[in-house]
Amino acid sequence: MTEQTDQPTDRPSGQPSPDFWAALRPTTTARVGLGRAGDSVPTRRLLELQAAHAVARDAVHASLDVEAMTAALAGLGLGDPVPLTSAAPDRATYLARPDLGRTPAAPLSPADPIPADPILADRPGRPDLAVVVADGLSALAVHRHAVPLLEALLPLVPQLEVAPPWLAVQARVAMGDHVGAHLGAAMTLVLVGERPGLSSSDSLGAYLTWGARPGTPDSARNCVSNIRPPHGLDHATAARTLASLMEGARRLGATGVRLKDRPDALT
Amino acid sequence: MRYRQALAGRTFEFDGLVDLLGRASPARSGDRLAGCGAQSDVERAAARHALADVPLTRFLDEHVVPPETDDVSRLILDRHDTDAFAPIRSMTVGELRDHLLTVAVAPDAATTLARLGPGLLPEMVAAVSKLMRNQDLVTVGAACRVTTAFRTTLGLPGRLSTRLQPNHPTDDPAGVATSVLDGLLLGSGDAVIGINPASDSPETVTRLLRLLDEVRERYEIPTQSCVLTHVTTTIDLMEAGEPVDLVFQSIAGTQGANNGFGVTIAQLAEAHAAVQELGRGTVGTQAMYFETGQGSALSADAHHGTGGRPVDQQTLEARAYGLARAFDPFLVNTVVGFIGPEYLYDGKQIVRAGLEDHFCGKLLGLPMGVDVCYTNHAEADDDDMDTLLTLLGVAGCTFVIAVPGADDVMLGYQSTSFHDALYVRRVLGKRPAPEFEAWLQGVGLAAPDGRILDVDPSRSLLKELVR
């Protein structure tokens with residue numbers, strides 16, 4: 001057994017040792033050293049947690065500002081953004097029915113025929129890259145990071161023919177499969193608001209899919225997540241990773257596990 | 001077989017046990033998503049009437065998931081103990097509810113229920129739970145006693161244990177150590193100190209495993225550590241001589257869903273044998289740690305049963321317990337609110353599911369813990385968690401999760417906190433596992449009556465843990 005502490009005593013409640021925990025807080029974002037009010041969390045710490053939850057919930061339920069996002073996406077010079085709505089009529093249905101968030105409200109006809117192996121050559125009129133911006137579970141993430149990420153990414157992939165961007169509301173990642181198939185795009189990039197955590201309500205995820213079509217399994221995608229400067233991944237780094245994934249996908253003719261397991265395919 | 005029930009001037013028909021179980025289940029979003037829940041309250045009430053009249057022997061003949069195509073079904077049927085089943089063989093599902101509630105108030109309840117467990121198929125337990133109110137689930141859950149041991153003894157009367165969960169977004173050792181210290185100072189960690197690593201790489205897992213083992217050795221803490229990584233990684237780590245106490249794996253109630261987790265029954269058996277061989281426990285030999293949760297089969301699109309019909313998520317969850325009990329686990333944890341509102345929409349559904357899972361697991365003989373938790377896109381908050389935590393404390397839950405300030409900064413969800421554990425122990429007169437409580441007292445963190453003292457960390461020897 002280890003030695004006893006010197007004179008353990010019950011101290012007045014709610015009196016943490018500020019200096020002690022202050023030195024440790026830089027090591028973790030966890031809510032350590034909260035102190036005690038009896039056996040419970042002191043008032044100020046309780047209010048902080050509830051405030052963080054409120055911010056996260058507001059992010060989940062916030063509506064995408066379609067007008068502002070359309071204007072911002074138009075500024076990328078890729079052509080007029082195309083609006084798209086999922087089959088989920090409202091946010092509550094959207095949260096309970098992920099299947100509806102993966103389906104367009106009105107069917108999008110696939111390009112005819114969907115290329116079985118969308119090799120880049122000899123594909124007149126077919127884009128190399130479709131871009132779909134979707135609210136997912138955080139419109140806030142889309143408002144803050146979608147356009148800056150694309151601004152960082154596009155100069156890194158000048159060789160790609162990029163279709164006008166799509167802006168999808170009440171939409172999950174797999175919505176991009178309908179768009180990619182509709183356009184006959186070789187690759188589809190979906191930028192989507194990730195599920196908010198208490199300390200991260202504006203985290204953007206980027207999913208790249210080769211030859212996307214409805215029913216594509218998640219294992220066939222590559223994901224760059226936690227795009228959320230200054231706390232998470234910054235736009236330039238995320239853009240470089242995506243550009244390198246696109247290069248690898250073009251070389252391999254695939255995304256997903258095959259690409260992830262082949263670091264040599266990445267530049 | 002078709003089941004019929006007249007109610008409120010209508011006749012309802014149910015096409016087989018799978019259909020009947022789904023329609024009889026308390027409302028939840030996952031069953032709606034799967035298309036197996038009741039269409040109306042009256043249909044649900046009718047299904048419960050019909051289910052109450054189903055003989056238990058029917059479950060031996062009419063399989064919810066075909067054993068021909070599902071190895072979980074085969075395992076469950078192979079291990080069914082007909083001697084234990086004999087006393088209830090002639091009962092219906094409704095009579096089983098009455099029987100359980102009668103036994104639960106008898107003086108030898110714990111012994112009777114423990115003998116009964118091996119005679120029950122998970123599907124029978126799921127069925128009877130659908131006829132039970134929350135208070136019934138609490139009554140029978142509290143009457144069950146399941147005791148397991150490794151370096152601490154869990155499940156003893158009057159005890160409630162915690163998993164100290166010091167997760168960190170980048171697996172930073174200093175950050176993990178800070179959370180471990182915070183938890184120990186608040187009396188948490190007697191079930192396990194268990195980390196969900198952000199990275200599954202063997203190097204990271206090894207580093208975290210050694211960190212926890214060094215802390216445990218240095219302070220002679222009677223507890224066990226675990227880094228919750230895939231079973232195949234843990235098998236490799238055991239072969240490499242790393243300090244593995246418990247083998248962790250997520251499991252589900254169908255072969256297809258387990259495929260989705262990348263795990264087979266053979267791998268579980270291999271890991272079980274390997275960890276038994278290590279023999280690192282001091283007061284017991286149970287060393288498997290399983291996590292489950294309603295909706296995992298549906299999320300893997302592996303929730304279909306006989307006739308290709310979708311099986312309700314609560315019945316599939318009970319089947320996961322049927323799989324777990326084949327490996328004599330030290331801990332089983334249902335991560336009840338983690339999966340999101342498409343499976344459990346709000347606080348009411350999460351509370352109900354937590355009580356169901358605890359009841360089903362305990363009756364099937366498992367040391368059930370519950371991760372009382374919610375995500376930010378569910379209609380739930382900390383008040384709902386207080387309700388479920390309190391109910392589970394009353395129901396004799398073996399352990400709960402404890403994270404700093406209820407906020408898991410790696411997994412991005414809210415669970416229960418170190419403080420929450422202090423609360424529920426205090427109001428219900430519960431104490432940590434005896435070995436761990438004695439250690440807490442020895443290092444000056446607990447009073448003789450088990451109360452956790454509010455000590456100044458800068459004056460505790462444990463503070464060296466973060467240096």
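The values are calculated or read from the model by the stated rules, or taken from the named source; none is laboratory data. Note that the coordinates shown come from a computational prediction; the quantities given were computed from them, not determined experimentally. Cβ: placed from backbone, ideal geometry, glycine included. Neighbour counts: every protein chain shown. Only protein heavy atoms, including side chains, enter the accessible area calculation; ligands, DNA and RNA are left aside. Shrake-Rupley method; radii C 1.70, N 1.55, O 1.52, S 1.80 Å.
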### Query
What shape does the protein assembly as shown have by the C-alpha gyration tensor, where a ≥ b ≥ c are the square roots of the eigenvalues, rounded means a/c under 1.5, and otherwise prolate means a/b greater than b/c and oblate the rest?
oblate
## Note on the structure
Nearest 10, in degrees from 0 to 90: the angle of helix B:382-394 to the longest Cα principal axis of chain B is 80 degrees
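Can you tell me the relative contact order of chain A? Whole percent, Cα pairs under 8 Å, sequence separation 6 or more.
On the way: 505 pairs, mean separation 47.7, N = 267.
For chain A, the relative contact order is 18 percent.
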### Task
For every other residue with a beta carbon closer than 12 angstrom to the beta carbon of A:Val55, add +1 if it is Lys or Arg and -1 if Asp or Glu, then tell me the sum.
-2
### Query
For the stretch B:425-444, which residues drop by 50 square angstrom or more in accessible area between the chain on its own and all protein chains together (1.4 Å probe)?
B:Gly442, B:Val443
### Query
For A:Leu154, what accessible area in Å² do you get when you roll a 1.4 Å probe over the heavy atoms of the protein chains, rounding to the nearest 10?
40 Å²
### Task
Pop out the carbon and sulfur fraction of the accessible area of the protein assembly as shown as a percent, whole number, probe 1.4 Å.
52 percent
### Antiparallel %, DSSP beta bridges [both residues in the protein assembly as shown], to 5
40 percent
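Need one value for A:42-54: mean number of C-beta atoms belonging to other chains within 10 Å of its residues' C-beta atoms. Mind showing how you got there, number by number?
Values: counts 1, 0, 0, 2, 4, 0, 2, 6, 2, 0, 4, 7, 2.
Mean shielding count: 2.
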### Query
Against the longest alpha carbon principal axis of chain A, how many degrees, from 0 to 90 and to the nearest 10, is the axis of helix A:139-153 turned?
60 degrees
### Query
For B:Ser199, B:Ser299, what's the largest-to-smallest order of accessible area, 1.4 Å probe?
B:Ser299, B:Ser199
### Summary
Heavy-atom accessible area with a 1.4 angstrom probe orders A:Thr29, B:Thr148, most exposed first, as A:Thr29, B:Thr148
#### Entry: Among A:197-210, B:25-38, the order from most to least packed when residues are scored by Cβ within 10 Å on average
A:197-210, B:25-38
### Task
Treating only the Cβ atoms of Lys and Arg (+1) and Asp and Glu (-1) as charged, compute the dipole magnitude of chain B about its Cα centre; round to the nearest 20 debye.
1160 debye
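If R₀ is 45 angstrom, what is the calculated FRET efficiency for the pair B:Val283 and B:His99, using the beta carbon separation as r and rounding to 0.05?
On the way: r = 34 Å, r/R0 = 0.76.
The formula returns an efficiency of 0.85 here.
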### Task
Work from the charge dipole of chain A (Cβ charges, +1 for Lys and Arg, -1 for Asp and Glu, about the Cα centre) and give the residue of A:Val82, A:Asn226, A:Leu34 farthest towards its positive end.
A:Leu34
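Can you give the extra length, in nm with one decimal, that the chain gains between B:Ala269 and B:Ser90 once fully stretched, where that is 0.36 nm per residue apart less the Cα-Cα distance?
Answer, rounded to one decimal: 61.0 nm.
When Cβ neighbours within 10 Å are restricted to other protein chains, what is their mean count per residue of peptide A:185-198?
Values: counts 0, 0, 0, 0, 0, 0, 0, 0, 0, 1, 6, 4, 11, 9.
Mean number of neighbouring Cβ atoms from other chains: 2.
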### Task
Please name which of B:Ala8, B:Ser73, B:Ala46 has its Cα lying farthest along the dipole of the stretch B:1-124 towards the positive end, using unit charges on Cβ (Lys, Arg +1; Asp, Glu -1) and the Cα centre as origin.
B:Ala8
### Task
Mind putting a number on the dipole of the protein assembly as shown about its Cα centre? Charges go on the C-beta only, +1 for Lys and Arg and -1 for Asp and Glu, and I need it in Debye to the nearest 20.
680 debye
## Note on the structure
Distance in nm between A:Arg25 and B:Ser201 label points, each 7 Å along Cα→Cβ, equals 3.1 nm
### Task
Compute the acute angle (0 to 90°) between the alpha-carbon long axis of helix B:418-428 and the principal axis of greatest extent of the alpha-carbon atoms of chain B; round to the nearest 10°.
60 degrees
### Query
Distance in nm between label sites at B:Asp383 and B:Ala300, each 7 Å beyond Cα in the beta-carbon direction?
3.7 nm
### Query
Simple spin-label model, 7 Å along Cα-to-Cβ: B:Arg74 to A:Asp218 in nm?
2.9 nm
### Summary
Partner shielding of B:404-415, as the mean number of partner chain Cβ atoms within 10 Å, equals 6
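Using the heavy atoms of the protein chains and a 1.4 angstrom probe, tell me the accessible area per residue for the stretch A:61-266 in square angstrom. Mind dumping the intermediate values first?
Working: 8310 Å² over 206 residues.
For the stretch A:61-266, the per-residue accessible area is 40 Å².
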### Message
If I take R0 = 45 Å and measure r between the Cβ atoms of B:Gln276 and B:Asp108 in this structure, what FRET efficiency does the formula 1/(1 + (r/R0)^6) give, to the nearest 0.05?
### Response
0.90
### Message
Counting protein heavy atoms only and a 1.4 angstrom probe, how many square angstrom of accessible surface do chains B and A bury in total, to the nearest 100?
### Response
4600 Å²
### Task
Taking only protein heavy atoms into account and a 1.4 Å probe, give the accessible area per residue of chain B in Å².
32 Å²
### Query
Per-residue accessible area for A:His178 at 1.4 Å probe radius, Å² rounded to 10?
40 Å²
### Message
Taking the Cα of B:Asp53, stepping 7 Å toward and past its beta carbon, and measuring to each backbone N in the stretch B:1-39: which are under 16 Å?
### Response
B:1-17, B:20-21, B:24
### Query
Among B:Pro341, B:Ala324, B:Phe359, whose Cα sits farthest toward the positive end of the charge dipole of the stretch B:322-364 (+1 at Cβ of Lys/Arg, -1 at Cβ of Asp/Glu, about the Cα centre)?
B:Phe359
### Query
Looking only at A:His143, A:His235, A:His53, which one moves most when chain A is put into a Gaussian network model with springs between Cα atoms under 10 Å?
A:His53
### Task
Would you check the accessible area of B:Glu214, probe 1.4 Å, heavy atoms only, in square angstrom rounded to 10?
120 Å²
### Heavy-atom SASA rank of B:Met1, B:Met368 (probe 1.4 Å, accessible area, largest first)
B:Met1, B:Met368
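Is the C-alpha gyration tensor of the stretch A:61-266 telling us rounded, prolate or oblate? Criteria: a/c under 1.5 is rounded; beyond that, a/b larger than b/c is prolate, otherwise oblate. Walk me through the intermediate numbers first.
Details: a/c = 1.45, a/b = 1.19, b/c = 1.22.
In terms of gyration-tensor shape, rounded.
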### Estimated FRET transfer efficiency when R0 is 25 angstrom, pair A:Ala105-B:Gln39 (beta carbons, to 0.05)
0.55
### Task
Could you size up the charge dipole of the stretch A:61-266 around its Cα centre, putting +1 on the beta carbon of Lys and Arg and -1 on that of Asp and Glu, and report it in debye to the nearest 20?
420 debye
